[in-house]
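Novice: Submitted below is the structure of interest, expressed as structure tokens.
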Amino acid sequence: SQTFGNPGSSTHSFGRAAREAVDVARQQLAAGIGAQPNEIVFTSGATESNNLAIRGVAEKWRRKGTHLVSVTTEHPSVLDPLKRLAGRGFEVTLLPVVQTPHDRAGLITAGQVAEAIRDDTILVSIMLANHEIGAIPPLAEIGRLCRERGVLLHADATQAVGKIPVHVGELQVDLMSFTAHKIYGPKGIGALYVRRSAPPVRLEPLIDGGGQQWGLRSGTLNVPGIVGLAKALELCLRGLPDESARLRRLRDQLYRGLASNLAEVSLNGPALDLPDSRLPGNLNVLFPGVAGETLLINMPELALSSGSACTSASPEASHVLLGLGLSETAAQSSVRFGLGRSNTEEEVEYAIGRVTDTVARLRSMTP
């Protein structure tokens, strides 16, 4: 509402002020993930970032190869572009994850990626943290493997940036997507890290026009959104270690309370005592005998989910939970809890009591 100039108009003070705000934000974001400022490309969100990374590599590198590797439990903004490319002559390999009830359910290994890579493989796309079960694969190990094999690695880090330490150099990723609204920032703004160090990653742009952002993503920049994204990440990183530990305690308190009060409750995804393999604030729980959607409808004061926000209108079972090996009935009886900055122990105890009472009541109504 104050710096309202167009950052592309550098001939007047209003445009220069907006340009300076964007430059500062780009520097802050780059520092937060271990990148350089000119490696940050702003987008409308992680969905666009994922599309730009996957489709941009496919179009630019098609002469080298047409094989792409990903995982069955990726977000739809990764799986759908891959499906579109498969219809245009590309070959896609989707790796299965460790099946439930294993302690490492939902994870993949670097060995799986190594076996999948071929001479014509041009891109591996693996999310840094799963959006439904919080699974964190060994991405640094996968990154080293891809670098050795000369294959580009893209990571959807939407659920990871601002919640766990993320350093693009340590992960050895070539492309990385993230967004603002998952870290308490404004909606409709995200970014894509594009490695510039030699040899730089080349992409075919999805949007042509004014040539902004080195021609990778044309269009007038969303200055308030960009500034908000940078500020949101700054605030998350400021207290990250303590906040992560606090969220783990609350998450474990929530699961222990549910499991002790209700019979036949089980965890979806990696075990809670594997901190490096699961997001601290994520909990996905199976309540046999109760439809997840029915459970949510009966607890409107709790903001829970039975799947991804992007597929919440779909009646189908979560593809992530099906990918774990759950039956369709079990997948539809599962609920995802997300703990965040404002949650307290008192709220966790309230949720335990509310869920316990509602599940018990709904189960008693089932013949």
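The values are calculated or read from the model by the stated rules, or taken from the named source; none is laboratory data. What you see is a predicted model, and the numbers here were worked out from it, not measured in a lab. Quick reminder, even Gly has a Cβ in these numbers, built from the backbone with ideal geometry, and neighbours come from all protein chains shown. The area values use the complete protein model at the heavy-atom level, side chains included, leaving out ligands, DNA and RNA. Shrake-Rupley method; radii C 1.70, N 1.55, O 1.52, S 1.80 Å.
Novice: Pairs of Cα atoms under 8 Å, at least six residues apart: use those to get the relative contact order of the stretch 176-261, whole percent.
Specialist: On the way: 71 pairs, mean separation 21.6, N = 86.
This gives 25 percent for the stretch 176-261.
Novice: Continuing with the same structure: May I ask for the angle, rounded to the nearest 10°, between helix 46-60 and the longest principal axis of the chain, with both axes built from Cα atoms and the value confined to 0 to 90°?
Specialist: Tilt relative to the chain: about 50 degrees.
Novice: If I take the Cα coordinates of the stretch 218-298 and project them onto the principal axes, what are the three extents in Å, biggest first?
Specialist: Projected onto the principal axes, the Cα atoms of the stretch 218-298 cover 53, 30, 21 Å.
Novice: For Ser197 and Ser9, what is the calculated FRET efficiency with R₀ set at 41 Å and r taken between the beta-carbons, to the nearest 0.05?
Specialist: 0.85
Novice: Compute the relative contact order of the stretch 87-205 as a whole-number percentage, counting only Cα pairs closer than 8 Å that sit 6 or more residues apart in sequence.
Specialist: Over the stretch 87-205, the number comes to 17 percent.
Novice: Same structure, new question: What percent does the relative contact order of the stretch 223-309 come to when contacts are Cα pairs within less than 8 Å and at least six residues apart?
Specialist: 23 percent
Novice: Additional query: Tally the DSSP beta bridges in the chain and give the antiparallel ones as a percent, rounded to 5.
Specialist: Taking every DSSP beta bridge with both residues in the chain, the antiparallel ones total about 55 percent.
Novice: Here is a follow-up. Nearest 10 degrees, 0 to 90: what angle lies between the long axis of helix 13-33 and the longest principal axis of the chain (Cα atoms)?
Specialist: With both axes taken from Cα atoms, the answer is about 50 degrees.
Novice: Given 10 °C and 1.306 mPa s, how large is the Stokes-Einstein diffusion coefficient of the stretch 137-249 in µm²/s, with Rh as the Kirkwood radius over Cα pairs?
Specialist: The Stokes-Einstein estimate is 102 µm²/s.
Novice: Please state the shape class of the stretch 96-180: rounded when a/c is under 1.5, otherwise prolate if a/b exceeds b/c and oblate if not, all from the C-alpha gyration tensor. Walk me through the numbers before you get to the answer.
Specialist: On the way: a/c = 1.99, a/b = 1.12, b/c = 1.77.
It is oblate, given that a/c is not under 1.5 and a/b is not larger than b/c.
Novice: Hey, what number do you get for the chain at 222 nm if only DSSP H runs of n ≥ 4 count, each worth -39500 (n - 2.57), divided across all residues, to the nearest 500?
Specialist: -12000 deg cm²/dmol
Novice: If I compute solvent accessible area with a 1.4 Å probe over the protein chains, what percent of it on the stretch 128-286 is carbon and sulfur?
Specialist: 54 percent
Novice: Another question, then. Report, to the nearest 10°, how far helix 240-261 tilts away from the longest principal axis of the Cα atoms in the chain, using its own Cα long axis and a range of 0 to 90°.
Specialist: 30 degrees
Novice: Given a 1.4 Å probe, how much area per residue of the chain is accessible, in Å²?
Specialist: On a per-residue basis, 45 Å².
Novice: Could you work out how far the C-alpha centroid of the stretch 115-141 sits from that of the stretch 249-304, in angstrom?
Specialist: 25 Å
Novice: When a/c reaches 1.5 or more, the comparison of a/b and b/c decides; with that in mind, is the stretch 163-217 rounded, prolate or oblate per its Cα gyration tensor?
Specialist: oblate
Novice: Principal axis lengths of the stretch 223-353 from Cα atoms, whole Å, largest first?
Specialist: So the three principal-axis extents are 45, 33, 30 Å.
Novice: Multiply the residue separation of Ser266 and Val24 by 0.36 nm, subtract the distance between their alpha-carbon atoms, and state the gained length in nm to one decimal.
Specialist: 82.5 nm
Novice: Additional query: Taking the Cα centre of the chain as origin, sum charge times position over the Cβ atoms of Lys and Arg (+1) and Asp and Glu (-1), and report the length of that vector in debye to the nearest 20.
Specialist: 860 debye
Novice: If I model a spin label at Glu301 and Thr329 as a point 7 Å from the Cα along the Cα→Cβ vector, what separation in nanometres do I get?
Specialist: Distance between label points: 3.3 nm.
Novice: Positive end of the charge dipole of the chain (Lys, Arg +1 and Asp, Glu -1 on Cβ, about the Cα centre): tell me which of Leu203, Gly325, Ile108 has its Cα farthest that way.
Specialist: With unit charges placed on the Cβ atoms, the residue in question is Leu203.
Novice: Sort all Cα-Cα distances of the stretch 24-154 into consecutive 10 angstrom bins from zero, then give the percent of pairs in each bin up to the one containing the longest distance.
Specialist: All Cα pairs, binned at 10 Å, distribute as 12, 40, 36, 11, 1 percent.
Novice: Which whole number of Å³ per residue matches the convex hull of the alpha-carbon atoms in the stretch 23-94?
Specialist: About 111 Å³ per residue, rounded to a whole number.
Novice: Could you tell me the calculated FRET efficiency between Thr109 and Ser218, based on Cβ-Cβ distance and R0 = 45 angstrom, to the nearest 0.05?
Specialist: 0.70
Novice: Related question: Would you mind classifying the stretch 324-367 by shape? Square roots of the alpha carbon gyration tensor eigenvalues, ordered a ≥ b ≥ c; an a/c under 1.5 is rounded, otherwise it is prolate if a/b is larger than b/c and oblate if not.
Specialist: Verdict is oblate for the stretch 324-367.
Novice: Rank Ser364, Asn261, Pro165 by how far each Cα sits towards the positive end of the charge dipole of the chain (+1 on Lys, Arg Cβ; -1 on Asp, Glu Cβ) and give me just the farthest.
Specialist: Toward the positive end, the furthest listed residue is Pro165.
Novice: State log₁₀ I(q)/I(0) for the chain at q = 0.14 Å⁻¹ as given by the Debye formula over alpha-carbon point scatterers of equal weight, solvent excluded.
Specialist: Values returned for q = 0.14 Å⁻¹ are -1.18.
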